[in-house]
1. Identify, by number, the condition in (1) among the small types (Gly, Ala, Ser); (2) surrounded by fewer than 19 Cβ atoms within 10 Å (Cβ to Cβ); (3) more than 17 Å from Leu422 (Cα to Cα) that Gly55 doesn't meet.
2. What is the residue count in the stretch 62-82 for residues that are crowded, with 17+ Cβ neighbours inside 10 Å and either touching a Phe, Trp or Tyr at 6+ places or on another chain (Cβ under 6 Å) or on the phi < 0 side of the Ramachandran plot (or both)?
3. Look at Ile270 and say whether it is hydrophobic (A, V, I, L, M, F, W, C), assigned to a strand (DSSP E or B) and crowded, with 19+ Cβ neighbours inside 10 Å.
4. For the subset of the stretch 386-400 comprising residues that are in contact (Cβ under 8 Å) with a residue 40 or more places away in the chain and open to solvent by 10 Å² or more (accessible area, probe 1.4 Å), which member is nearest to Gln184 (Cα to Cα)?
5. I'd like to verify a number: residues in the stretch 286-321 that are open to solvent by 60 Å² or more (accessible area, probe 1.4 Å), under 29 Å from the mean Cα position of the chain (by Cα) and free of Cβ contacts under 8 Å to residues at least 40 places away in the same chain, how many?
6. Taking strands (runs of 3 or more DSSP E) that fall entirely within the stretch 59-168, which contain at least 2 residues that are over 16 Å from the mean Cα position of the chain (by Cα) and closer than 22 Å to Asp26 by Cα?
7. Given the criterion in contact (Cβ under 8 Å) with a residue 24 or more places away in the chain and touching a Pro at 6+ places or on another chain (Cβ under 6 Å), identify the matching residue among Ser370, Ser355, Ser414.
8. Taking Gly200, is it over 15 Å from Met60 (Cα atoms), part of a strand (DSSP E or B), in contact with a Lys or Arg (Cβ under 9 Å, 6 or more places away or on another chain) and not hydrophobic (A, V, I, L, M, F, W, C)?
Amino acid sequence: MRDETDTGLVAAVEARRAALVVLTQDLIRIPTLNPPGRNYREICEYLDGRLAGAGFSVEMIRAKGAPADSDRFPRWNIVARREGGRPGQTVHFNSHHDVVEVGSDWTRDPFGGELDGDRIYGRGACDMKGGLAASVIAAEAFLSVCPEFAGAVEISATADEESGGYGGVAYLAERGWFDPARVQHVIIPEPLNKDRICLGHRGVWWAEIETRGRIAHGSMPFLGDSAIRHMSAVLAEMEATLFPLLASKRTAMPVVPEGAKNSTLNINSIHGGEAEQAQDYTGLPAPCVPDRCRIVIDRRFLIEEDLSEVKAEVSAMMERIRAERPNFSYEVRDLFEVQPTMTDADAPIVTTVASAIEKVLARRPDYVVSPGTYDQKHIDRIGRLGNCIAYGPGILDLAHQPDEWIGVQDMIDSAKVMALTLAELLAS
């Protein structure tokens, strides 16, 4: 009986190939740019119509009071639920609907949803409107083949993953939407390749380091104290001691790509002295010694590291500089932090998706961990739901790139995996 069900599900997904293409194109053509958070309600209303038509009960949820939420750019989310005919567990597909800025060097319309051969192009095609579309098609195929299932299927489209997820999954998790009493299995269709299961991600600590000096006339710098020169000492010490220390740390987590198995630090930005003027300003800067310089650091750390130790390494570095450098004054300010997370490889959602991948692709999946964070962090830490993975179509390297695209066949194959997963967990 299971073989017949699986065959029927595969055929039901294949029959929806054209619908999958149109759905993906429609989603891409709604430019949900973040920042600032454009067209969030529009995409939620579009999905409301689509999912309500498939028998889902739908709730539109605004994350009022969340970071970046405003009347001009409200943070809208949608959660759709389809109940089965008898009690059982709930499988939830969560996708973010926001996309990053377009950037330059595109050769196609970033919001055109152009189909060229097997590829659909556009901002968000890969990250992650293709995955969202695949989950909708998978659910619709499952409902057509297994109408008398147990439990419930949920699909959400949430805001602001690209800027931390606080107006999306975090907001929902704080209000119980991912409570293990109501949801037992979560799949996040991020683009990690159709034959890989992503178990989690590294940790992140963002911080701002400021060095201080004293302003003076630029023709008499000896009367001032350059904060930029002090920051140059910080950068030199990073090169001499901190970067080699991080390169020596290596994780047992299956992080991809290979370089991300080490701890890393990126200097995200640097600002010192006079603020930059508007582009139409044609004058010269004022001759001043800079009394402030700031850098933002993006530190990615491993599950084997403790966040307090990560912060202590930077503090120790700064104290070494202060001990050796006259008049050195600084401040380190926390901006953002996320603990690493990794679902057990024998968790129910992992083993079920792995079995479905073997059926669809005739090979065993690879298990990976993401170098950067995604919304699993909120489901795990706030929702206290550990049975969560990222699995979806697309090549991660294409995310945030010009001419971003998603493969139609990859979406079809991933939708088959998702549909078989639903059958295993809800139609047994």
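The values are calculated or read from the model by the stated rules, or taken from the named source; none is laboratory data. Keep in mind the model is a prediction, meaning the values are calculated, not measured. A quick note on method: Cβ atoms are made from the backbone with ideal geometry, for glycine too, and the neighbour counts reach across all protein chains shown. With ligands, DNA and RNA removed, areas are computed over all heavy atoms of the protein, side chains included. Shrake-Rupley method; radii C 1.70, N 1.55, O 1.52, S 1.80 Å.
1. Unmet for Gly55, out of (1) among the small types (Gly, Ala, Ser); (2) surrounded by fewer than 19 Cβ atoms within 10 Å (Cβ to Cβ); (3) more than 17 Å from Leu422 (Cα to Cα): (3).
2. The total comes to 14.
3. No, not satisfied.
4. Filtering the stretch 386-400 for residues that are in contact (Cβ under 8 Å) with a residue 40 or more places away in the chain and open to solvent by 10 Å² or more (accessible area, probe 1.4 Å), the one nearest to Gln184 (Cα to Cα) comes out as Asn387.
5. Of the residues in the stretch 286-321, 3 are open to solvent by 60 Å² or more (accessible area, probe 1.4 Å), under 29 Å from the mean Cα position of the chain (by Cα) and free of Cβ contacts under 8 Å to residues at least 40 places away in the same chain.
6. 76-83, 119-121, 150-158
7. Ser414
8. Considered against the rule, which asks whether it is over 15 Å from Met60 (Cα atoms), part of a strand (DSSP E or B), in contact with a Lys or Arg (Cβ under 9 Å, 6 or more places away or on another chain) and not hydrophobic (A, V, I, L, M, F, W, C), Gly200 comes out as yes.
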